Structures are given as structure tokens and as C-alpha cells.
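Below is one structure, written out as C-alpha cells; comments come after it.
The numbers here are math on the coordinates, done by the rules we state, and not lab data. From a predicted model like this one, the values you see are computed outputs, not experimental measurements. Ideal geometry is used to build each Cβ from the backbone, glycine not excepted, and the neighbour counts take in all protein chains shown.
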Amino acid sequence: MTALARAIPMAGKVVLITGGTGGIGKATAIGLATMGARVGITGRDFDRAEEAVADIRAASGNQGVDAFAADMTSQAEVRRLAAAVLNAYPRLDVLINNVGGFWAHRHPTTDNLERTFALNHLAPFLLTNLLLDRLKASAPARVVTVSSGAQSMGRIDFDDLQGARSYSGQRAYNQSKLANVMFTNELARRLEGTGVTATAVHPGVVRTNFGAEDQAWFFAIISRAVRPLLKTPAQGAETPIYLASSPAVDGVTGQFFANRKPKTANRLASNAEMTARLWQVSADLVGMTSA
Ligand SMILES: NC(=O)c1ccc[n+]([C@@H]2O[C@H](COP(=O)([O-])OP(=O)(O)OC[C@H]3O[C@@H](n4cnc5c(N)ncnc54)[C@H](OP(=O)(O)O)[C@@H]3O)[C@@H](O)[C@H]2O)c1
């Protein structure tokens, strides 16, 4: 390996990170831009995304950082985002599905779906599928989905996926983060032999704006108390950056990671019947004609 390749190991690679305006996503963007990648970040508001781009360029010394805007709770906006990315990037080496949130109360989206399920699971499901041909054409390529340790407490309630009958913010979050790992495993199976890998990651418990829009009161108190003990965003970005860039995970697929190590995930995530069922239900909910 040349000195240049050692210094900028992601030179020539194109990475898209959803939710790069703050928190773990922004720290991941800084890390990968520092390694020489061209990095696209997304956020809901274009001006805020442009401000983050300026910060990421300054912190990384890499001008190759681009802003995309889309409210990913809306499927129409996810489709518009995918079209903009396909238009901007002739190749895509890494997709990091990072966007996610927590809501103490049930909020319907413009598609009349429950927001946690729509943003945390259906948005990465749809975006990945819309970008899949570009990833395959750029192989070897990687899809990294930011899940959570909460996946271990999740279950998929196929009879009430949208929490319409009974909603709890924690239950909806746990379900969505388990769905991230199930999606990853099913995607890995479907991508066998294509050179595109799929991994999921628990970033750790990280000091960010996570859950601030509609926080449960007890969570607000606890998080204020423990905030100084949490990982910094840069520490939270370490495993996503590792999965996006390290030669040590070349070809590694269908695995869940924390602290740069494979971890055993919720046993439901390796139940092929369940992951296939979730894929089909998700395909129906996003109107994908062939699943
Ligand atoms: N923080 C933790 O302790 C922790 C632990 C385990 C897992 N995670 C996971 O890590 C991921 C990142 O979390 P974080 O803590 O960095 O969160 P965060 O600080 O709240 O950042 C969320 C990012 O997503 C964007 N975003 C939020 N809603 C959006 C929407 N509707 N459409 C498009 N973009 C949207 C935000 O951008 P704008 O506001 O500019 O739109 C921001 O860039 C999530 O998937 C979360 O579940 C976090």
C-alpha cells in the first residue's frame, strides 16, 4: 500500500450517510471525509445540511462533501432523495442508513404510517432498494445500517406494526431497531454473490440530540443525569466508520456489530421466515412492485 493510500484509504470512494447534520451521522461523515471519501449527507432542511457540510469540510480538510435534503418520514421524499443521489453520483460504494428517532407519543406521517416505523425502518428499506442497482454496479460495495442495542428487546408485532391499537415509544423503537437487523440479514441473503455486503451496528449510547423532539419525561431526567457519561459522537461513529471502510470487514455480511466486533443479535433476526415476511410487508407498505 502506498503512503497516499494509507493516508486517504477511502480516496475515490463515494459514501452516502443519511442524517449527517448532527450526532453520529455528522461524526461518521467527518471520519470518512478525512479518509478521502466523497461524502453525501442528508437532513430535512437544505440550509442546515449546507451548514453541516461546511463544518465537515473544515474538520476533514476535504471539499468533496455534498448536502441533500429530504424529510425521510415521507416515501415521496425518499424517492426524490434517491433520484437526486443517482443523478449526482455515478457510483456509490457505501450507503450508511443512519437516520433514526424516538417519539414518546404516536405521530402519523404524511403517508399515514406510524413515524418510528416509517423513519427508522421503511425509509432505509426504500432508500436502499432504490439505490441497490447503483451499489451493485459499484461492487464491492457496502450497506451499513445503524441499529441499536435496543434491538435485543424488540419484537415485530405483525398484527399491529403501526402501533394503531396500542402505542409505546420504547416498544416502537425496539421494534424498529430489530427491523434494522432483520432487514440487514434478509438483504445480505438477497445480495449473495453480488459483492455488496450488509451489516448492522449498535453505535453505543451517545451524547446527541436523539429523541429530543418528543421525549418521555423519565427519559429526559435520566438522560440529563447520565449525559456526561455517554460516548461522544466521534466515539459513536467508530464502528460505523469501521464497517464502511476497514479492509478487515471486506466481504463480511449479514452480521451485527458493536465496538468493532460481531455480536449476537436478537434471535428473531436470524429467523429466515420472519425476515422474509418483514421484507414482503415492507415492500407492500412502500409500494414496491417486485419484492
Ligand atoms: N444516540 C444514541 O445513544 C444512539 C444509541 C443507539 C442507536 N442510535 C441510532 O443512531 C442513529 C443516529 O442517532 P443520533 O443519536 O445521531 O440522532 P440525532 O442526533 O437525533 O441525529 C439524527 C439525524 O437524522 C436527521 N433526521 C432526523 N429526522 C429526520 C427525518 N425525518 N428525515 C431526514 N433526516 C432526519 C437529523 O437531521 P435534521 O434534524 O437536520 O433533519 C440528524 O442529522 C439513529 O438511527 C439511532 O436510532 C443512537
Practice task
Mind checking which lysines have their Cα closer than 24 Å to the Cα of K263? Skip sequence neighbours fewer than 8 apart in that chain.
Solution key: K177, K231
Completion exercise
Taking the chain, the equivalent ellipsoid from its C-alpha gyration tensor has semi-axes in Å, biggest first, of 27, 22, 19
Completion exercise
Restricting to lysines and to Cα separations under 18 Å from K136, and discarding same-chain partners fewer than 8 apart, the set is K13
Completion exercise
So, with points 7 Å from each Cα along the Cβ direction, the S166-R190 label distance in nm works out to 3.1 nm
Exercise for the section: Just grab the label-to-label distance for Q63 and L229, each label 7 Å out from Cα along the Cβ direction, in nm (one decimal). Expected result: 4.6 nm
Exercise for the section: Compute the label zone of A54 within segment 63-77: residues whose backbone N is under 17 Å from the point 7 Å along Cα-to-Cβ. Expected result: 63-68
Completion exercise
With +1 on the Cβ of every Lys and Arg and -1 on the Cβ of every Asp and Glu, the dipole magnitude of the chain about its Cα centre, in debye rounded to the nearest 20, is 760 debye
Fill in the blank from the handout: Projected onto the charge dipole of the chain (unit charges on the beta-carbon of Lys, Arg, Asp and Glu, signs +1, +1, -1, -1), the Cα from V226, A118, H107 with the largest positive-side position is that of V226
Completion exercise
Quick calc, D45 & A137: beta-carbon distance into FRET formula, R0 22 Å, rounding 0.05, result 0.10
Practice task
Determine the distance separating the Cα centre of segment 197-233 from the Cα centre of segment 20-67; give it in Å without decimals.
Solution key: 21 Å
Exercise for the section: Have a look at R57, R190, R48 and tell me which one the Gaussian network model of the chain (Cα, springs below 10 Å) gives the largest fluctuation. Expected result: R190
